[in-house]
Each structure stands twice: as structure tokens, then as C-alpha cells.
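Structure first, then comments.
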Amino acid sequence: MPPAARRVNRGPSAAPQNRAAILDAARRLFADRGFLVPLSAIATEAGVGQGVLYRHFPTRLDLAFAVFEDNFVELEAAAAGGGPDAFGALWAVLLEQTVREAAFVEMVVEARSSAPAYDGDDRLRELIARTLPDAVSAGRVPAGVEVDDVLLAWRMVFGIVVTAPTPDAARAHVARAMALLDPRR
């Protein structure tokens, strides 16, 4: 029998590919198994050793922040169009991210206590504040709705997501809840 295939250490030249593989594995496993998935499982899924994972991301939050940053890129792109439809686009992406990756909401909650310098709350608040007024002016959102109301609704959505039996059920329950709250019904 031929000797077992050994993984060859390609050294620093593999760092970008290793980092990308770790981020991809983390996104999938956080989404599938939650924020507290063992980091060893992420390393295994990425095809790297735990030492490689820890060289790139010394803590779970460092890894989660790196993955979560992609979510902000997506949110910022949704809000970038401006005008009365920007809030709706932002809200749709935020809801989909919450259903798809509830682990990241868990990460935000964890960050509040263990990483007080984390600015995700402020960044989300700013995106909402930037897009909400045009949506209210255009009648797409009821008059009087403020940023804190949107954030409250988002926290309600998270509650639906984490208590739903499956992601598909979460999507259906979120859609039903949003329809119940729609002032145009």
C-alpha cells in the first residue's frame, strides 16, 4: 500500500488561501451550528491545523468579526442606492442575514460584553438612520417610525429566528410577522 498522503506545509505562501478557507468554513459552520461551534471543527472544515487558525484569528470573536465584516459590506451595498427604496433594501438584507446567520446576532450580543470597542451596533444604527427618513417621507414606512423602532423589530425577528425549528420555518414566520405588522394590510 502506498504511504498515507501527508499534508504539505506550504508556509507563508499559503496564508491568504488558508485565511479564505477558514473564513468560508467559519461562515458555514457558524450558520449551521451556531456561534459556539468548536474552533477545531472550523479548522478541520477549512483543511488547516488549529495553529493556523489561531495565527490568523487569536479568538473566536476575531474570527466572527472577520466573517461578520462581510455582512456589513452586504448591508452597506444594499443601502448605497439612497432614495426611498434604500431602507427597504437594507431591511430585506438584514432580515435575510438574520435568518441565514443567526449566529452573528449571538456574536454581536457577546461582543457587547467582551469587546466594548466593537462598533457594529453604531454602524447598523447609522445605516438605518441614513435610509429611514426617505422611506418615511415616501410613505413606505409609517410616519413616526424611528431607528430604535427598527432595531426593536429586528430584535423581535431574531427571537423568531432562534425559536423556529428550521431556517425555512424561520423565513416563513418572519414573513408572516412582517405581514401582520404591515400598515397597508
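Quick rundown of the values:
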{"item": "Unique residue being farther than 30 Å from A138 by Cβ, aliphatic (A, V, I, L, M), surrounded by 13 or more Cβ atoms within 10 Å (Cβ to Cβ) and modelled with pLDDT of 90 or more when the list is L61, L94, L39", "result": "L39"}
{"item": "Among residues of segment 42-58, those that are more than 19 Å from the chain's Cα centre (by Cα), part of a loop (DSSP other than H, G, I, E, B) and crowded, with 19+ Cβ neighbours inside 10 Å, counted", "result": "1"}
{"item": "In segment 129-166, residue farthest from E76 (Cα to Cα) [restricted to those that are part of a loop (DSSP other than H, G, I, E, B) and not aliphatic (A, V, I, L, M)]", "result": "P165"}
{"item": "Hits in segment 2-27 (condition: charged (D, E, K, R) and modelled with pLDDT of 90 or more)", "result": "R19, D24"}
{"item": "Residue list for segment 70-87, restricted to those being surrounded by 13 or more Cβ atoms within 10 Å (Cβ to Cβ), part of a helix (DSSP H, G or I) and not aromatic (F, W, Y)", "result": "D70, N71, E74, L75, E76, A78, A79, A86"}
{"item": "Test result for L29, crowded, with 19+ Cβ neighbours inside 10 Å and without any contact (Cβ under 8 Å) to a residue 60 or more places away in the chain", "result": "yes"}
{"item": "Unmet criterion (only one of (1) touching a residue at least 24 places away in the same chain (Cβ under 8 Å); (2) farther than 19 Å from R60 by Cβ; (3) touching a helix residue (DSSP H, G or I) at 6+ places or on another chain (Cβ under 7 Å); (4) crowded, with 17+ Cβ neighbours inside 10 Å) for E101", "result": "(2)"}
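The values are calculated or read from the model by the stated rules, or taken from the named source; none is laboratory data. Since the model is a prediction, treat every value here as computed from it, not as a measurement. All Cβ positions, even for glycine, are placed from backbone atoms using ideal geometry, and neighbour counts span all protein chains on display.
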